[in-house]
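Before any comments, here is the structure.
The values are calculated or read from the model by the stated rules, or taken from the named source; none is laboratory data. What you are looking at is a predicted structure, and each value in this text was computed from that prediction instead of being measured. Ideal geometry is used to build each Cβ from the backbone, glycine not excepted, and the neighbour counts take in all protein chains shown. Only protein heavy atoms, including side chains, enter the accessible area calculation; ligands, DNA and RNA are left aside. Shrake-Rupley method; radii C 1.70, N 1.55, O 1.52, S 1.80 Å.
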Amino acid sequence: MFEGSFVALVTPFADDESLDESKLKELLEFQIEGGTDGIVPCGTTGESPALTDEEHNRVVDLTVQTVDGRTPVLAGTGSNSTTRTLHATEHAKASGADGVLIVTPYYNKPTQNGLYAHYMKIADSVDIPIIIYNVPGRCGTDILSDTVARLAEHPNIAGLKEATGDLKRASEVVSMCPDDFVVLSGDDVNTLPILSVGGKGVISVVANVAPTPIAELCGAFKAGNVELARKLHYETMPLAVDLFVETNPIPAKTALMLMGKLNGKMRLPLAPMAPANLEQLRRTLEFTNLI
């Protein structure tokens, strides 16, 4: 179920910073029409730390309702509180999400034993597939491959979103975990390399603006057409670089604004792009024929 291109979806806000539900529905339709293999609401790109619990639940509910079974929904439910993560995961299960994405607890800096206990608590409490999300650059916490392998023995722990930037990690996890344990790239620039060592797809930021080529890249590799996958890798590389020229999701939301799909509104402490970076992003969108 968790293979191919899953979009790490932005959360649209109205000018008054309230949730823009109509725009969320539009973005979901844009993704489905573009061939995206799955939707990830309320992840890092969805500004989950800036959402209230009520807003978080509403985004998950509306995503599940709008998608209506047309593609899997992998709801972001992680936080730095095990209790809050558990409550969000229980809600995702009740909402009808197909799985959950749980980031390593940030700021607390738990030990490996603490990380193991955190994920086991959720996996033992809620019968839903869990994708572990490892992004030490944002969280200050790194779940090591040995710990992932221990967790992979639990039937509810289904995979890993690998975003350390260290390609060795994907190989370690693939080799140490069961064959049905899914490794997904957490960095668009590394999607093809991770696929080449046994990964199954990506949770993509680039898919917010270009869903079709990212889905086609994953599909081509799965079908054995490595030449086409490589071609799409290089065609989307400028986006994979420039959508991270500032902190994600600032460039992604700005790109969607330049494409006429959003107003670009973010919540503090995220701020508008610097003018030079904005112009660089605009040129990249022009180069890739998105504007």
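Some points to look at:
- Residue within region 276-291 that is in a loop (DSSP other than H, G, I, E, B), closer than 26 Å to ASP16 by Cα and touching a helix residue (DSSP H, G or I) at 6+ places or on another chain (Cβ under 6 Å) present: no
- Region 160-176, subset out of contact with any Asp or Glu (no Cβ under 9 Å at 6 or more places or on another chain) and open to solvent by less than 20 Å² (accessible area, probe 1.4 Å), residue farthest from GLY38 (Cα to Cα): LEU160
- For region 188-210, the candidate set comprises residues that are without any contact (Cβ under 8 Å) to a residue 40 or more places away in the chain and assigned to a loop (DSSP other than H, G, I, E, B); within that set, the residue that is nearest to the chain's Cα centre (by Cα) is GLY199.
- Counting only helices (runs of 4 or more DSSP H) that sit wholly inside region 211-261, those with at least 1 residues that are touching a strand residue (DSSP E or B) at 6+ places or on another chain (Cβ under 9 Å), more than 17 Å from ILE194 (Cβ to Cβ) and at pLDDT 95 or above are 211-222, 250-258.
- THR236 meets each of the listed conditions (1) of a type in the set (Val, Ile, Thr); (2) surrounded by 23 or more Cβ atoms within 10 Å (Cβ to Cβ); (3) over 21 Å from GLY38 (Cα atoms) apart from (3).
- Among residues of region 160-171 that are in contact (Cβ under 8 Å) with a residue 60 or more places away in the chain and under 14 Å from ILE143 (Cβ atoms), those with a Cβ under 8 angstrom from a residue that is among the β-branched types (Val, Ile, Thr) and assigned to a strand (DSSP E or B), sequence gap 6+ or separate chain, pair up as LYS161/ILE131; LYS161/ILE132; LYS161/ILE203.
- Test result for SER185, of a type in the set (Gly, Ala, Ser) and open to solvent by less than 10 Å² (accessible area, probe 1.4 Å): yes
- Filter result (modelled with pLDDT under 95 and touching a helix residue (DSSP H, G or I) at 6+ places or on another chain (Cβ under 6 Å)) within region 145-196: LEU167
- Hits in region 1-23 - residues which are more than 16 Å from ILE214 (Cα to Cα) and under 16 Å from the mean Cα position of the chain (by Cα): MET1, VAL10, THR11, PRO12
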